[in-house]
Amino acid sequence: GSFCHDDISNNCVTYGKLYDWKTIMQDSASSDKNPSGVRGICPKGWHIPSASEWTQMIDVLGGDSVAGGAMKATTLWDPPNVGATNSSGLTVLPAAARSGTLGTYEKLGYESFMWSSTSAPGDQAWLRAVFSVMANAGAGALPQTDEVSCRCVKDP
C-alpha cells in the first residue's frame, strides 16, 4: 500500500511515501467531519484531514487561487514554482503520484497530491493538489487505488 517514487528508497527519504487510500485509512470509514476523527496511519494525537478540513485550511490561506503557494516548499519544485512562499509552514513537497492500476509514476518535482479522509463516488477519494506552474490549490478525486501523499493534522 505504499511506494517510494520510481521505486527508489532515497525518494521516500526526501519526499515521503506514496499511499493508496485504503492504506492511509486503516479500515476506518470515510469522514467529511471537521475534524475528521480518522486516525488511520497517523500517529496518536493526529488525524487524516477530511475534504472539509482541507477546504477550511485553503480558505484561511487566502482561497484556492493562492493557497497552493502558501503550502509549497520553496525548494525541490521544478521551475517556476509559482507563488511558493511556504507561509503556512506546511512545506508541501512535489512527491507526485503513482497509478495503482498502471504502476506508473507521475513527474516528480511537478506536482503533489494529498489524500483526505473523504470518499468520492466511483471508488475514488477527495484530495488536494498543488503544481509547480501555478499558485492555486486544486481539489479533485482520484481512484482509491492510486498512491499519493498523506498529511496528518494535529488533533484539537
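Ranking ILE58, SER88, ALA120 by how far each Cα lies toward the positive end of the dipole of the chain (charges on Cβ) leaves SER88 at the top. With contacts taken as Cα pairs under 8 Å at a separation of at least 6 residues, segment 1-43 carries a relative contact order of 32 percent.
When the C-alpha to C-alpha distance is required to be over 18 Å, the pairs from LYS44/LYS72; LYS33/LYS72; LYS33/LYS154; LYS22/LYS107 that qualify are LYS44/LYS72; LYS33/LYS72; LYS22/LYS107. Cβ distances below 4.7 Å define possible disulfide partners, and in the chain the cysteines left without one are CYS150.
Dipole size of the chain about its Cα centre, with +1 on Lys/Arg Cβ and -1 on Asp/Glu Cβ: approximately 380 debye, rounded to the nearest 20. When all protein chains stay in place and ligands, DNA and RNA are ignored, the 1.4 Å accessible-area order of THR118, THR101, largest first, is THR101, THR118.
Report the Cα centroid-to-centroid distance between segment 122-156 and segment 52-118 in angstrom, as an integer. Computed from Cα coordinates, the inter-centre distance equals 8 Å. Taking the chain as a Gaussian network of alpha-carbon nodes connected by springs under 10 Å, the highest mean-square fluctuation of the residues TRP126, TRP115, TRP46 belongs to TRP46.
Pairwise Cα distances in segment 52-137 exceed 21 Å for 30 percent of all pairs. Pairs of Cα atoms nearer than 8 Å and 6+ residues apart set the relative contact order; for segment 13-156 it is 29 percent. Computed over neighbours whose Cβ is under 11 Å from that of ALA97, the net charge equals -3, Lys and Arg +1, Asp and Glu -1.
For the chain, adding -39500 (n - 2.57) for each run of n ≥ 4 DSSP H residues and dividing by the number of residues yields -5000 deg cm²/dmol at 222 nm.
The values are calculated or read from the model by the stated rules, or taken from the named source; none is laboratory data. Just so it is clear, the structure is predicted and the values come from calculations on it, not from any experiment. A quick note on method: Cβ atoms are made from the backbone with ideal geometry, for glycine too, and the neighbour counts reach across all protein chains shown. For accessibility, only protein heavy atoms count, side chains too; no ligands or nucleic acids. Shrake-Rupley method; radii C 1.70, N 1.55, O 1.52, S 1.80 Å.
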